[in-house]
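Take a look at the structure below.
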Amino acid sequence: MSVSGGASPCGPLNPKKTWVDTSFQEEDLCLYFGKFRVNMDNSKDTNSSSPVSSSDVPPTKPQQQSEACCYPKHEIGFEKSNSVPIPLYSQDIWRGQSDNPAGQLLGSNNLNGQFLTRNGNPRRDAYAGFQSHEVAEKSGMYSNNTWYRSSGILNDMGNQSSFGNDSMLGSSYVAQTAMTQYGSQYLLDSLLTKDPVVTNFIFEGVFDFLFEVMNDSNGHHLFGKLVQSCSDNQLGLIVAKITLNVQLLINISVGRYGSKSVQRLIKVLEKSPLIDIVIAALSSGFEELMTNRSGSFVILKCLNLLDTEKNQKLYEAALNLCIPLAQNEKGCIYLNEFITNSKAPYRETLMGEISSKSKFLSQDPSGNFVVQHILGLHNPIYGERICLELRELYIQLSQQKGGSHVVEKCLNSSGMVHVVSVLLKYEKLWQVARDQYGNYVIQTALKSTKRANSPLHQMLISKLVQNRNELVIGFGRKVLGLIDNGIPLDQE
């Protein structure tokens, strides 16, 4: 490729003067080398280091140079250094694909389109097309080994000067790098150095794209490690950004990877006053979080990690929304988990609220699971309260799919006597025993009274046997078989 025919981002080359000395402008250097101070030496001939062919290089260095085009020594900072050759090829060359199989770190396909020329935004990467150090080396970028003392600045991202460079790696570039497999791992390894310059560089790189990184399958790993390395001021900025729009925080929390990111942030903020801001934001979206699997994990993380005082707003939200959540197909499951992980006194308050609504919830397709859960916790106070609350509905509930499970739970609770008393008073108990759901209630009643060695056991058998002919039909045969074969004590 002819030098005189190539296009330069710094202007057209003079075909009569292909050798260029220190007349290179700082703006051009910044574009190519990311605002690094480039060593320049006027005392040393650069013919040996320049990649230009011998036929294009004049035998001697020109004696005169324009003052306006000179790169001042006081700007350079070094008096003895090599001169800087002009780039040989057009910037379009960097659009090419890398021959490096691991080029995804800095040159994945989704980043190649980010290339901006000298006339574009200088803070976006002029090196977006760079795939690896090898490509640049083949292009003559590193023809003078004294320009960069590292093995290659693009591959040595842990280098301090590399992370302080805004021009080479723009903000969007860092964020997109974090959302690739190799890029995320490389940035993670860089954070392990615990260099504040590195941490600050990555923080600034991902901050404008925080939600995207948090919710990415690769980026959430970096976010989790980044918040552990951030200063208090940086954590404050993160908290302010994610809580400024609560709905965005909720949207992130209900995502698979976003949920993990928020949980890690909560862990880091455990002893920080910033956690109060996060809890307040989460409590405002409590219902949406508690009807989503990933969102419920965020709430449970708070319950298991923080004390009741810090979780006060979450508990208050749970008290206000426990009935709607209990009626939700998914919310009832996550509400049960919330109750299990709750701490006193809010746990008892929640159980009391649900117990007072057990007559309504026990007949709901989803709500009956929450009533069952309260009974299964074997708290004698609330078990007794539910059994008393349902005493007028036992016959009806026993013949319902969900309600029959509630009655069975009542029979295995401290309120067993209330249920059996109602069953004994019912004249057509055999109808319950023949029902597809009710037969399980009668079997459970027989077992529970026998385990308790209660006199109600024999009374129940006598009442059922009086209508023996009715029990030989349908599901009643199961009850009759249990009575005839003997009721085991080791089953509930």
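The values are calculated or read from the model by the stated rules, or taken from the named source; none is laboratory data. Here the structure is a predicted model, which means the values were calculated and not measured. Quick reminder, even Gly has a Cβ in these numbers, built from the backbone with ideal geometry, and neighbours come from all protein chains shown. For the accessible areas, the whole protein counts, side chains as well, though only heavy atoms, and no ligand, DNA or RNA atoms are used. Shrake-Rupley method; radii C 1.70, N 1.55, O 1.52, S 1.80 Å.
What separates the Cα centres of the stretch 234-312 and the stretch 356-413 is a distance of 33 Å.
Using only the heavy atoms of the protein chains and a 1.4 Å probe, how would 195, 307 rank by accessible area, largest first?
Values: 195 40, 307 75 Å².
From most accessible down to least: 307, 195.
Here the stretch 199-242 is described by how far its Cα atoms reach on the three principal axes: 26, 18, 15 Å, from widest to narrowest. Solvent-accessible area assigned to carbon and sulfur over the stretch 272-361 amounts to 51 percent, based on a 1.4 Å probe.
Suppose the chain between residue 392 and residue 378 were pulled fully straight at 0.36 nm per residue; how much longer would it get relative to their current alpha carbon spacing?
On the way: separation 14, 0.36 × 14 = 5.04 nm, distance 2.17 nm.
Once the chain is fully extended between residue 392 and residue 378, it gains 2.9 nm.
Taking the Cβ of residue 199 as the centre, find all other residues whose Cβ is under 14 Å away and add up their charges (Lys, Arg: +1; Asp, Glu: -1). Once positives and negatives cancel, what remains is -2.
On a per residue basis, the stretch 255-382 carries 42 Å² of accessible surface, using protein heavy atoms and a 1.4 Å probe.
Going by average Cβ neighbours within 10 Å, how do the peptides 432-444, 467-479 rank, with the highest at the top? All intermediate terms of the calculation are to be shown ahead of the outcome.
Numbers: 432-444: 22.5, 467-479: 15.8.
Ranked from most to least packed, the peptides come out as 432-444, 467-479.
At 1.4 Å probe radius, can you tell me the per residue accessible area of the stretch 398-450 in Å²? The partial results should precede the final answer.
On the way: 2030 Å² over 53 residues.
Using a 1.4 Å probe on heavy atoms only, each residue of the stretch 398-450 averages 38 Å².
Looking at this model, which pairs from 343/401; 194/343; 241/271; 428/478; 330/478; 425/450 are more than 28 angstrom apart at the alpha-carbon? Pairs exceeding 28 Å: 343/401; 194/343; 330/478.
Overall dimensions of the stretch 262-378, expressed as equivalent-ellipsoid semi-axes from the Cα gyration tensor (√(5λ), whole Å, largest first), are 25, 14, 11. Within the stretch 360-389, which residues have the backbone N less than 18 Å from the label spot 7 Å out from residue 329 along Cα→beta-carbon, could you tell me? Residues passing the 18 Å test: 364-370. For the listed peptides 453-460, 216-223, 308-315, 282-289, a ranking on the average number of other beta carbons within 10 Å per residue, highest first, reads 216-223, 282-289, 308-315, 453-460. In the context of the full protein assembly, residue 174 retains an accessible surface of approximately 10 Å², using a probe radius of 1.4 Å and ignoring ligands and nucleic acids.
Ordered from largest to smallest accessible area (heavy atoms of protein chains, 1.4 Å probe), the residues 346, 186, 173 come out as 186, 346, 173.
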